[in-house]
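The structure appears right after this line, and notes come after that.
Coordinate-derived values only; no laboratory data. None of these values were measured; they are calculated from a predicted model. Positions of Cβ are backbone-derived with ideal geometry, glycine not excepted, and every protein chain shown enters the neighbour counts.
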Amino acid sequence: MRALLLDYTERRLRLDNRVAEPPEGEVYLRVLECGICGTDRDLAAFDFGAPPASESALILGHEAVAMVERSTHSRFRAGDYVVPSVRRACSGSCASCSAGRRDLCLTGDYRERGIVGLHGYCAEWAVDRAEDLFPVPTSLVDVAVLVEPMSVVEKAYAQAARLHLGETRSVVILGAGAVGILAAWAGLQRGWQVTVVSQEPENSLRGCLLRSAGVTFLNRLPGMVADIVIEACGSAPLASAAIGCLRPLGVMIVLGARNEVVRLPFLDLIVGNRILAGSVNAAPDDFRRAIATLGATEPSWLAAMIERRPLDRAVESITSPGGDAIKVVHRLH
Ligand code: BGC
């Protein structure tokens, strides 16, 4: 089968043919599409990640939609559409992993499909356990590749909801990548006032899409106030500046900022009872909520985010990003 391989010996990304996994797991999948994100670019730069133990290459891809080819588990039948989760339990099965919350793993010894220790889904075929798959209705197949990034957004909002002691009315989102834009759609559905702050010009494609949906789109931060800030831009200086936007009791969830030395306004956190929290990955409930949220989002806003490409372009998509595409997706079948 064709697969997108990150070769740790030759230190390069390539499309290759490899023997498909034997259909021994519970559910054998025909992978239909696989999206790419910043994590895939970091992996291709060898910034982090690892191939499966005793292998020298990793099949990339963790944002996938697949069709069940055959299943030995009663929950799935051939022809069902599914989205797989990313993280698998740590070897020691800590309290979180044992309770089904691998996203809150306590040991850090977890594995993630297409990221660390396990092959991903940018391949024609894959095998999974039924418990790692989420069914998606046929009506959502065209946008189901957005379920995984939306699950990250749903977890971030769930964390914010637990931490925010006041009434939530507004959110400022830093970054207009796929996660930032999905956070905007999910914020609108909660009835909040949504602002996206990003560096693109205000009349850019992303700016126009967001504004047409009723989101305020700006490329500067000063003057913003919000109950919740979602950092989805990768910039620690911007995240630290955005603490100044939080109302008293406000919560900032950090999703992508890098380790950098920045000024942290501790006094603002203290005197306003403000909270700064990190969030990664997603729980099963976040995947289910992501499917529901996508189902309730205006289909044209979601369609505008996706640019589909043949698998032949996968290496180029990761190593030479550029252009206007918000979410690049490769077709496997
Ligand atoms: C994925 C998460 C994963 C994280 C860290 C993100 O791109 O969406 O599922 O936990 O990378 O590896």
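Can you tell me the dipole magnitude for region 150-278 around its Cα centre, using point charges on the Cβ only (Lys, Arg +1; Asp, Glu -1), in Debye to the nearest 20? Don't skip to the end; give the middle numbers.
On the way: 11 positive and 8 negative charges, 17 e Å.
Approximately 80 debye in magnitude.
Within region 184-221, list the residues whose amide N lies under 15 Å from a label point set 7 Å along Cα→Cβ of Asp324.
Correct set: 200-212.
Give the Cα extents of region 150-278 along the principal axes, in whole Å, largest first.
38, 30, 27
For an R0 of 45 angstrom, estimate the FRET efficiency from the Cβ-Cβ distance between Leu269 and Asp42 and round to the nearest 0.05.
Numbers: r = 29 Å, r/R0 = 0.64.
E between Leu269 and Asp42, to the nearest 0.05, is 0.95.
State the answer as a single residue: which of Thr39, Val141, Asn273 lies farthest towards the positive end of the charge dipole of the chain, with beta carbon charges of +1 for Lys and Arg and -1 for Asp and Glu, about the Cα centre.
Asn273
Expected output is a single nm value to one decimal: the length gained when fully extending between Thr216 and Ala20, i.e. 0.36 nm times separation in residues minus the C-alpha distance. What is it? Walk me through the numbers on the way to the answer.
Working: separation 196, 0.36 × 196 = 70.56 nm, distance 4.67 nm.
Between Thr216 and Ala20, full extension yields 65.9 nm more.
Mind ordering 219-225, 322-328 by average Cβ neighbours within 10 Å, highest first?
Details: 219-225: 12.3, 322-328: 15.0.
By packing density, highest mean first, the sequence is 322-328, 219-225.
State which stretch of the chain is the longest one without any exposed GluC sites (Glu not before Pro), exposure meaning a DSSP loop state and at most 11 other Cβ atoms within 10 Å.
Working: sites that count: Glu10, Glu24, Glu167, Glu260.
Formally, the longest exposed-site-free interval is 25-166.
Could you give the longest part of the chain that holds none of the chymotrypsin sites (Phe, Trp or Tyr not before Pro) found in DSSP loops with at most 15 neighbouring Cβ atoms within 10 Å? Spell out each step's value before the answer.
Details: sites that count: Tyr8, Phe46, Phe48.
It runs 49-333.
Would you mind working out the magnitude of the charge dipole of the chain relative to its Cα centre, with +1 at each Lys and Arg C-beta and -1 at each Asp and Glu C-beta, to the nearest 20 Debye? Spell out each step's value before the answer.
Working: 35 positive and 38 negative charges, 97 e Å.
That gives the chain a dipole magnitude of about 460 debye.
In the Gaussian network model of the chain, springs joining C-alpha atoms below 10 Å, which of Ser85, Ser71, Ser96 carries the largest mean-square fluctuation?
Most flexible of the set in this elastic network: Ser96.
Under 8 Å for C-alpha pairs, at least 6 residues apart: give me the relative contact order for region 294-333, rounded to a whole percent.
Value for region 294-333: 50 percent.
Would you please name the trypsin sites (Lys or Arg not before Pro) within region 246-312 that are DSSP coil residues with at most 16 other C-beta atoms within 10 Å of their C-beta? Could you put the intermediate results ahead of the total?
Details: sites: Arg258, Arg263, Arg274, Arg288, Arg289, Arg308; in loops: Arg258, Arg263, Arg274.
Qualifying residues, ordered by number: Arg258, Arg263.
Mind checking which of Pro52, Pro201, Pro284 has the largest fluctuation in a GNM of the chain, springs on alpha carbons under 10 Å?
In the Gaussian network model the winner is Pro201.
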